[in-house]
Amino acid sequence: MMDDKKISGLGKITQMNTAENQPSVSVVVVNKDGINFVGECLASVLRSTYDNFEVIFVDNGSIDRSADFVKSNFNDRKLQVIRLKTNVGLDEASNIGARSSSSEYVIFLNSDTMAHPDWIQGLVTALEKDVSIGAAQSKVLMMNDPTRIDSLGTYVDRFGDTLRKGSGEYDDGRFSSPEEIFYAGGTVTIIRRDLYLKIGGFRRYFFIMHEDVDLGWRVWLSGHRVMCVPSSVVYHRRGGSTSRVYPLVMFHSTKNRISTMIQNYELSNILRYVPLRTIIDFGTSLRNIYNKNLEIAISILRGLLWNVVNFKTVWRTHEEVKYRVTETTDARILHMMASNGIPHAMVILHAFPFTRRLLTRYIRWNLSS
């Protein structure tokens, strides 16, 4: 457990009035067999200085008696426990938690985290001051070394690869101002509940992985912005909730990355970027076969095949986003994206030397816009 001294020394956050005048907040914590760290998480959240909040703990079919542990060790009127009989996936479990809320704001918080007492205050203050902000995340520090940054927000490039800002950097005061980001990482995300419902929440068929990219993309498409709010601090034990199921993670990462691109891009950009994304993933699978990582290779190929088999479902979602969510153009979205796609693409060229010249021209065309 972290020493309280490690989370001291933060700048003061302007306090709102008492609970009667504060916007209501629901903190949704989804748990899957996290009995080793969920106690620390809930204890830190329940110590929050913000008054008008509740905690919705969704146990996602755990077999380690996590829900029993929570019921036995936490007797707080702010805490609601929802038990799911089976694992419905992180995304649907998060949706269930959000649908159980009637608050103005919903915060999705990973179970392998600890929160600074003022964390809710910082997030709510930022969104209350600026109605153009649809979603935001806290400054996330590493649990095992709180002097270092885990994430200041995440960006995605045109081929769907992600890049965490500030990861590994020292928290030395350089990152104290709110900044626009492409999406709030799944570790901690606050979103206006009415916006969350309007843009459709999380995709049930994503199950896990890349759901945060998809949600943030749709926040931008709706005409809102996404921010990192450094006055709010959360500590993260990276990989605590997914490290045990890596092949499953690879399957859903591959599947959902391509699904996200098809669902949210305009048709011209689907044709521009999705084929090369497919080549990149196929090449990664071949590389894993060469390195005798057959389980990983098969997981990636399954992710690619899923989008072929379920293309009608994915395209139906694309149409819903186009007509019910989108209030801006891809030009604005592309402007917000990172430009780190070249290295990934160039690696794949060496996997297909017989098509090197053709693929080089294709990549240059894709990156020229």
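Nothing in this text is a laboratory measurement; each read-out follows from the coordinates by a stated rule. Computed from a predicted model, the values in this text were never measured in an experiment. Using ideal geometry, Cβ is built from the backbone for each residue, glycine included, and neighbour counts are taken over all protein chains shown.
Among 60-71, 156-167, 115-126, sorting by the average number of other beta carbon atoms lying within 10 angstrom of each residue, highest first, gives 115-126, 156-167, 60-71.
log₁₀ I(q)/I(0) of the stretch 207-304 at q = 0.21 Å⁻¹, via Debye over equal Cα point scatterers, no solvent, to two decimals? Reported log10 I(q)/I(0), two decimals: -1.10. Extension gain, residue 174-residue 82: 0.36 nm per intervening residue step, less the Cα-Cα distance, totals 29.1 nm. Projecting label points 7 angstrom from Cα along Cα→Cβ for residue 267 and residue 49 puts them 5.4 nm apart. Pairs exceeding a 29 Å alpha-carbon distance, out of 165/255; 32/165; 71/165; 129/312; 255/322; 85/139: 71/165; 129/312; 85/139. Computed on the stretch 4-236, the Cα convex hull volume stands at 120 Å³ per residue. Of the residues 92, 179, 319, 104, the one with the fewest other Cβ atoms within 10 Å heads the list, and the complete ranking is 319, 179, 104, 92. When the alpha carbon gyration tensor of the stretch 99-241 is reduced to an equivalent ellipsoid, its three semi-axes come out at 22, 17, 15 angstrom, largest first.
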